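Following: one structure in structure tokens, then a few remarks.
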Amino acid sequence: MSEAIDYRSVHTTGAISITSVSKSFGKHKALDDVSLELAPGSVTVILGPSGSGKSTLLRSINHLERVDAGFIQIDGDYIGYQRRGDKLYELKEHAILRQRINVGYVFQNFNLFPHLTVLENLIEAPIAHRQLTKRDAVTRAGELLDIVGLRHKADAWPRHLSGGQQQRIAIARALMLNPRVMLFDEPTSALDPELVGEVLDVIKKLARSGTTLVIVTHEVGFAREVADNVVFMVDGKIVEQGNSTQVLNNPRHERTKRFLARVL
Ligand code: ADP
Ligand code: MG
């Protein structure tokens, strides 16, 4: 894999600010007064048992979930909303879609378009959003395929790739729109163990590029190596957050200690 990260993907922006966010599904509080400040270019790993609200938090950052209370900002912009005076008004669909261009999202199950080749998967969104001409999109796709080590698969169909390769393509696709923030929801959970490393290696490379990363994962070794911040959630609440060494080596809370003892 090529070591160089294209400088166009280096940002000094990408600050995420989450303020007193709550979200319920029926009577169940999936997020309960969550606040979090993430610096531009920082790498944050979110840990927590199943059902603790990790995915709901990531989805809220992209306004895929509409929060019931509180607000989320990226570089000062209210996600899903516009401020007028001291009131927030929900944005129209097209404005929300425009905000989402700044946020790359990588899912557990890759979600590549099965009827498009690898190259077509990459160039589809930037052309549809009129971010790049076809020619520039193809050039950019080639650079990103180099970064994830898969330029030779440009014309392959997703179904002919391994899970690890599909996820590396999904990461490259998410980078096409040059996002300020990249969100990963258990990016290696669906992979056979021998394929986890190649995907984590790509994320590690990205961690050095200056894009703000938020990664939900159970890979504690990876968190130790790459994360600036670690956040531990239980029952929709942040139980503990801090720099990765502190949270992973000297957890303060009993729940964090028990969780780490189980996953390590
Ligand atoms: P995690 O990603 O930590 O496993 P989630 O954010 O997916 O947790 O879910 C948090 C809680 O919210 C869970 O109890 C889950 O069942 C519930 N939940 C999430 N999404 C929905 C939804 N669309 N409808 C109803 N309940 C949901
Ligand atoms: Mg989840």
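The values are calculated or read from the model by the stated rules, or taken from the named source; none is laboratory data. All of these numbers come straight from a predicted model, not from anything done at the bench. Every residue, glycine as well, gets a Cβ built from its backbone with ideal geometry; the counts of neighbours run over all protein chains shown.
Data for the structure
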{"quantity": "Output for the range 105-139, where each listed residue is within 30 Å of Ser50 (Cβ to Cβ) and either assigned to a loop (DSSP other than H, G, I, E, B) or away from ligand 2 (no atom under 16 Å from the Cβ) (or both)", "calculated": "Phe107, Gln108, Asn109, Phe110, Asn111, Leu112, Phe113, Pro114, Asn121"}
{"quantity": "The listed residue being assigned to a loop (DSSP other than H, G, I, E, B), buried (at least 16 other Cβ atoms within 10 Å of the Cβ) and over 17 Å from the mean Cα position of the chain (by Cα), out of Leu191, Leu248, Leu195", "calculated": "Leu191"}
{"quantity": "Strands (runs of 3 or more DSSP E) contained in the range 43-98 and holding at least 3 residues more than 16 Å from ligand 2 (Cβ to nearest atom) and more than 16 Å from Ile215 (Cβ to Cβ)", "calculated": "69-74, 81-84, 87-90"}
{"quantity": "Odd one out for Lys257 among (1) more than 23 Å from Asp32 (Cβ to Cβ); (2) surrounded by fewer than 19 Cβ atoms within 10 Å (Cβ to Cβ); (3) without any contact (Cβ under 8 Å) to a residue 40 or more places away in the chain; (4) of a type in the set (Lys, Arg)", "calculated": "(1)"}
{"quantity": "Residue within the range 204-214 that is touching a residue at least 40 places away in the same chain (Cβ under 8 Å), within 16 Å of ligand 2 (Cβ to nearest atom) and surrounded by fewer than 20 Cβ atoms within 10 Å (Cβ to Cβ) present", "calculated": "no"}
{"quantity": "Some residue of the range 16-28 being crowded, with 21+ Cβ neighbours inside 10 Å, at pLDDT below 95 and over 23 Å from Ser189 (Cα atoms)", "calculated": "no"}
{"quantity": "Every residue from the range 46-104 that is among the basic types (Lys, Arg), more than 16 Å from ligand 1 (Cβ to nearest atom) and within 16 Å of the chain's Cα centre (by Cα)", "calculated": "Arg100"}
{"quantity": "Residues being loosely packed, with under 15 Cβ neighbours inside 10 Å, of a type in the set (Phe, Trp, Tyr) and within 30 Å of Asp192 (Cβ to Cβ) - total across the range 76-127", "calculated": "1"}
{"quantity": "Only listed residue being touching a Lys or Arg at 6+ places or on another chain (Cβ under 8 Å) and either crowded, with 17+ Cβ neighbours inside 10 Å or over 17 Å from Thr117 (Cα atoms) (or both), chosen from Leu132, Leu177", "calculated": "Leu132"}
{"quantity": "Residue among Leu38, Leu58 that is at pLDDT 95 or above, in contact with a strand residue (DSSP E or B) (Cβ under 8 Å, 6 or more places away or on another chain) and closer than 30 Å to Ser162 by Cβ", "calculated": "Leu58"}
{"quantity": "Selection count, the range 90-118, where residues are without any contact (Cβ under 8 Å) to a residue 40 or more places away in the chain and within 21 Å of Ile16 (Cβ to Cβ)", "calculated": "8"}
